[in-house]
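Report on the following structure.
The values are calculated or read from the model by the stated rules, or taken from the named source; none is laboratory data. Quantities reported herein were computed from a predicted structural model and do not represent experimental measurements. All Cβ positions, even for glycine, are placed from backbone atoms using ideal geometry, and neighbour counts span all protein chains on display.
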Amino acid sequence: MTRLFPISRRSALAGLASLGAAACVPIDTSPSGRLAARLRIIEAAAGGTLGVALYESGSGRTLAHRGDELFAHCSSFKLSLAAMLLHHDEAGKIDAGEHVRWSAQELMSVSPFTKRRLEEGATLLELARATQTLGDNAAANILLKRLGGPQALTEFWRTLGDPVSRLDRYEPDLNQVPPGEVRDTTSPLAMARTLEQILHGDVLNPANAALLMQWMSETRTGARRVRAGLPQDWQSGDKTGTSIWPGADAIYVDIGFAHVPGGARYTFATYYRAARTHNEMDPAAEAVLAQVGGVLAEFALSRAQ
């Protein structure tokens, strides 16, 4: 099992005891209680705000920390956008093979695919893949506009039984989400359950669900986040998001799936709001989410206890 900055069982129990003493409440020493305490300890050590939801498919077993609090999607909305395109193509509402073009004025930072294909254009399916695997901002905006805009994605979430997640703006404005802002937000529990519906439910046919999970597995931006804390033989995939906005607390997001070989399947939604502004990607902040990956691995091991 590969983890960054692991917390020993002794340290976790000591932290659990101190938290219980400080709160003057009985200590929950059950497996889920210890893991919930681990999440609180990770948050306290990092110094920011951590939101986590881990969801086991089938059983509905859940582990959460700040599960109902609101956090920014950042680029993680792109996973749902790709799923929405696949869903609408299945339903005959749109043709994923439709070829579209765009102008140079629509390009922005982090647009490797759309810059390369400026003269040629691409199909909506190709844009969806670039949106998910490369985080291509221009591809996301082009696809989002073609599918009806931010409100259409919000409505898609509502059809999945998600009353919380919402999208209000396009890239890059949707990344500006200070504490207290409700636009362009979700909660860990809402998104973990939505991913369960998309990846393991009946939102997509088996072929398209497998295709989306393949794209998620090919996505490399999360290599140092949750997936870094998972056992190497697990199948996993994700979509990250990051907001490094001038004058605002940095935000790091990682949502995705993890499948135990021959065993249980999980979805996860993790959000870390640093307590300060970052001028560039911070490895220590990403390592906070990698530690959550270690908790997810232990959550899976605790299922039989």
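Of note:
- Residues of region 224-251 that are outside any helix (DSSP H, G or I) and either among the hydroxyl-bearing types (Ser, Thr, Tyr) or within 13 Å of the chain's Cα centre (by Cα) (or both): ARG225, SER236, GLY237, ASP238, LYS239, THR240, GLY241, THR242, SER243, ILE251.
- When THR133, THR194, THR159, THR154 are checked against the criterion of being in contact with a Lys or Arg (Cβ under 6 Å, 6 or more places away or on another chain), more than 27 Å from GLY247 (Cα to Cα) and modelled with pLDDT of 95 or more, THR154 stands alone in meeting it.
- Meets criteria (of a type in the set (Ser, Thr, Tyr) and within 22 Å of THR62 (Cα to Cα)) for THR133: no
- Some residue of region 118-133 being of a type outside the set (Asp, Glu), in a loop (DSSP other than H, G, I, E, B) and more than 22 Å from MET216 (Cα to Cα): yes
- ALA64 meets each of the listed conditions (1) more than 17 Å from LEU296 (Cα to Cα); (2) at pLDDT 95 or above apart from (1).
- If you filter region 96-112 down to residues that are among the hydroxyl-bearing types (Ser, Thr, Tyr) and under 24 Å from the mean Cα position of the chain (by Cα), you find that the one that is surrounded by the most Cβ atoms within 10 Å (Cβ to Cβ) is SER111.
- Total residues in region 252-266 satisfying the condition of being in contact (Cβ under 8 Å) with a residue 24 or more places away in the chain and either of a type in the set (D, E, K, R) or surrounded by fewer than 24 Cβ atoms within 10 Å (Cβ to Cβ) (or both): the figure is 7.
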